[in-house]
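J.: This is the structure I want to talk about, given as structure tokens.
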Amino acid sequence: MKFGGTSLRDAAAVRHVATLIADRLGQRPIVVVSAHAGVTDALVRIATEAVDGSPDIDGLEELHAGITADLGIEVEDHSDLFGELRDLCQGITLVSELSRRSKDYVVSFGERLSARTLAATLRATGTDARAFDAFDIGVHSDRAFGRARLLPDEGRIAAALSDFTGVPVVTGFIAKDDRGNITTIGRNGSDLSAAFFGNALDASEIQIWTDVDGVLTADPKIVPGAQPISRMTYDEAAELANAGGKVLHPASLRPAVDKSIPVRVLNTHRSESPGTVIVPEFDEPAAVARCIAHKRHVTLVSVESSSMLAQAGFLARIFAAFEHSNISVDLVSTSEVSVSMTLDNTERLDEAVRELEQFSHVTVERELGMLCVVGHGIRHRMGVPARVFAPLRDAGVSVRMISLGALKVNVSLVVGSDDVDKAVRALHAEFFEGSASG
């Protein structure tokens, strides 16, 4: 059972989560938690402020003290953790520099604090529970601070928990590298942590508890009438996550896929709702579209060369330039003389562009939006591109780029940032509303 920050936002929410867990003791749950809502952002600010010696740690400590006071519990470990955080920030101030390693260390306190709060709440209500830092029960990663990759478990987690018969409350999002440094696995990485634990412990099901009724047909903030999806395949869910669907972390499905473990997305505030179950496959006519996903702040890079076709290894040179700058490429579209790619991480884009300009002309467009129509029916139905373009044309949306996914379960498009909302609404109306839906 994984609970995100909004599910743990305050004392009432923590108390409710403790009840959900207590009601499922017969299933022998392992609980994975994120930081309380807003705490990760606060810790990032604290880390930045520590460089010039002005981190506001008191405000964060008061927030946690308020939650525990409202719960009527005391968490002795909290004072030790805040002391550790203060010492760390003093070190950052001393060197006047925030390294990626130090930033990961600072940010890790969010999950470490919330795990102890929830475990103490469970104990106070009669449930045997203990907080565990993931790295203390064998969760290891590489050294890519901020975006670390989890390393194979090799039985460490099961061995570490074998003697504990209560409810383990484990920190999501964090690990340690081979040198003992704390690492983080990327924003919303607690989903991946939950799937990782599910794989390691051969769980019967991985539950992701959120603040919505499962996976919806679109973002309800854009389409108020978006509906829950009862079930979808791993392929569909993976494409949704990669395309900006906020319910799941993009990499979170891989550990579940490896052992065919169902993933269920549930609503913390409406536990009676069936949510969405994600499985390898199911016998049902494939809908053309299962959902419409989107993401913002996308960068489009176009690489042009009039002699492109004559150059063996041209594409390899392009991707090598991005690899050298540790930039992941998302969508790719090619023509006879150009290659267009979308990127999310552009921290070192200038480096990659300089390398690309040695053999091509490069154009960079920032702050665009990406939309994705996801559904297994795309591979089986004729005329899907026409159904995508027609409503966008009618809505006055200009498409900068289109790409069909390799698995043929998604069609992705790049549009101007100002067109994202109306494009999502137009596509949702086409595929999910009215007589032509489906």
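Here, each number is a calculation from the coordinates, and none is a lab measurement. Small disclaimer: the values here were computed from a predicted structure and weren't measured. Cβ coordinates were reconstructed from backbone atoms using ideal geometry, including for glycine residues, and neighbour counts include every protein chain displayed.
J.: Only helical DSSP H runs with n ≥ 4 go in: add -39500 (n - 2.57) per run for the chain, normalise by residue count and round the 222 nm mean residue ellipticity to 500 deg cm²/dmol.
T.: -11000 deg cm²/dmol
J.: Going by average Cβ neighbours within 10 Å, how do the peptides 48-55, 19-26 rank, with the highest at the top?
T.: Going from most to least packed, we get 48-55, 19-26.
J.: Give, in nm to one decimal, the length gained when the segment between ASP344 and ARG393 is fully stretched (0.36 nm per residue of separation minus the Cα-Cα distance). Please report the intermediate quantities before stating the final value.
T.: Working: separation 49, 0.36 × 49 = 17.64 nm, distance 2.62 nm.
Gain on extension, ASP344 to ARG393, equals 15.0 nm.
J.: Now, a different point. Give the distance, in whole Å, between the Cα centre of segment 146-192 and the Cα centre of segment 232-310.
T.: Between the Cα centre of segment 146-192 and that of segment 232-310, the gap is 23 Å.
J.: Could you pull out which residues in segment 270-300 have an amide N less than 13 Å from a spot 7 Å beyond the Cα of LYS422, following the Cα-Cβ vector?
T.: none
J.: Cα axis of helix 76-95 to longest principal axis of the chain: angle in degrees, 0 to 90, nearest 10?
T.: 60 degrees
J.: Beyond 24 Å, how much of the Cα-Cα pair distribution for segment 2-204 remains, as a whole percent?
T.: Summing the P(r) of segment 2-204 above 24 Å gives 38 percent of all pairs.
J.: Still on this model: Which entries of LYS221/LYS408; LYS103/LYS259; LYS2/LYS176; LYS295/LYS422; LYS2/LYS295 show an alpha-carbon separation above 22 angstrom in the structure shown?
T.: With Cα atoms farther than 22 Å apart: LYS221/LYS408; LYS103/LYS259; LYS2/LYS295.
J.: Between ASP77 and ALA316, what is the label-to-label distance in nm when each label sits 7 Å out along the Cα-to-Cβ direction?
T.: Between ASP77 and ALA316, the label points sit 5.0 nm apart.
J.: Right, here's the next one. Rounded to the nearest 0.05, what FRET efficiency do ASP23 and ALA69 give with R0 = 30 Å and r taken as the Cβ-Cβ distance? Could you check? Present the calculation step by step, with values, prior to reporting the outcome.
T.: Numbers: r = 25 Å, r/R0 = 0.85.
That gives a FRET efficiency of 0.75.
J.: Which value, in debye to the nearest 20, describes the size of the charge dipole of the chain about its Cα centre when Lys and Arg Cβ atoms bear +1, Asp and Glu Cβ atoms bear -1, and nothing else is charged?
T.: 980 debye
J.: Once label points are set 7 Å from the Cα along Cα→Cβ at both PHE282 and ARG86, what is their separation, rounded to one decimal in nm?
T.: So the label points at PHE282 and ARG86 sit 5.3 nm apart.
J.: How much of the DSSP bridge set in the chain is antiparallel, in percent, rounded to the nearest 5?
T.: The antiparallel proportion sits near 65 percent.
J.: Considering the chain as a Gaussian network with a 10 Å cut-off on Cα pairs, which listed residue, GLN358, GLN90, GLN27, attains the greatest mean-square fluctuation?
T.: Fluctuation is largest for GLN358.
J.: Compute the Cα gyration tensor for segment 364-438, then decide on rounded, prolate or oblate, letting a ≥ b ≥ c be the square roots of its eigenvalues: rounded whenever a/c is under 1.5, prolate when a/b is larger than b/c in the other cases, and oblate in all that remain. It would help to have the intermediate numbers written out before the result.
T.: Details: a/c = 2.17, a/b = 1.27, b/c = 1.71.
It is oblate, given that a/c is not under 1.5 and a/b is not larger than b/c.
J.: State the Cα centre-to-centre distance between segment 78-135 and segment 384-422 in whole Å.
T.: 43 Å
J.: Can you pull the one-decimal nm distance between simple spin-label points at LEU404 and VAL337, each 7 Å off the Cα toward Cβ?
T.: Once both label points are built, they end up 2.5 nm from each other.
J.: Continuing with this model, one more query. Can you list, largest first and rounded to whole Å, the semi-axes you get for the chain by taking the square root of 5 times each eigenvalue of its Cα gyration tensor?
T.: 38, 28, 20
J.: Shifting gears a bit: Please report the relative contact order for the chain, taking Cα pairs under 8 Å with a sequence separation of at least 6, and give it as a percent rounded to a whole number.
T.: Details: 866 pairs, mean separation 53.9, N = 438.
Value for the chain: 12 percent.
J.: Karplus couplings for segment 11-24 from phi (6.51 cos²θ - 1.76 cosθ + 1.60, θ = phi - 60°), rounded to Hz, Gly and Pro as x?
T.: So the Karplus estimates, Gly and Pro as x, are 4, 4, 5, 4, 4, 5, 4, 4, 5, 4, 5, 4, 6, 10 Hz.
J.: Loop sites only, by DSSP: take the chymotrypsin sites (Phe, Trp or Tyr not before Pro) in the chain that have at most 14 other C-beta atoms within 10 Å and name the longest stretch containing none of them.
T.: Values: sites that count: PHE164, PHE282.
The longest uninterrupted stretch comes out as 1-163.
J.: For a Förster distance of 30 Å, can you work out the FRET efficiency between the beta-carbons of ARG187 and SER306, rounded to the nearest 0.05?
T.: 0.15
J.: Now for a different question. Place a point 7 Å from the Cα of PHE164 along the Cα-to-Cβ direction; which residues of segment 77-92 have their backbone N under 15 Å from it?
T.: Answer for segment 77-92: 77.
J.: So if each residue of separation counts as 0.36 nm, and I subtract the Cα-Cα distance between ARG149 and LEU94, what length gain in nm does that give? Before the final figure, lay out each step's value.
T.: Values: separation 55, 0.36 × 55 = 19.80 nm, distance 3.00 nm.
Here the segment from ARG149 to LEU94 would lengthen by 16.8 nm.
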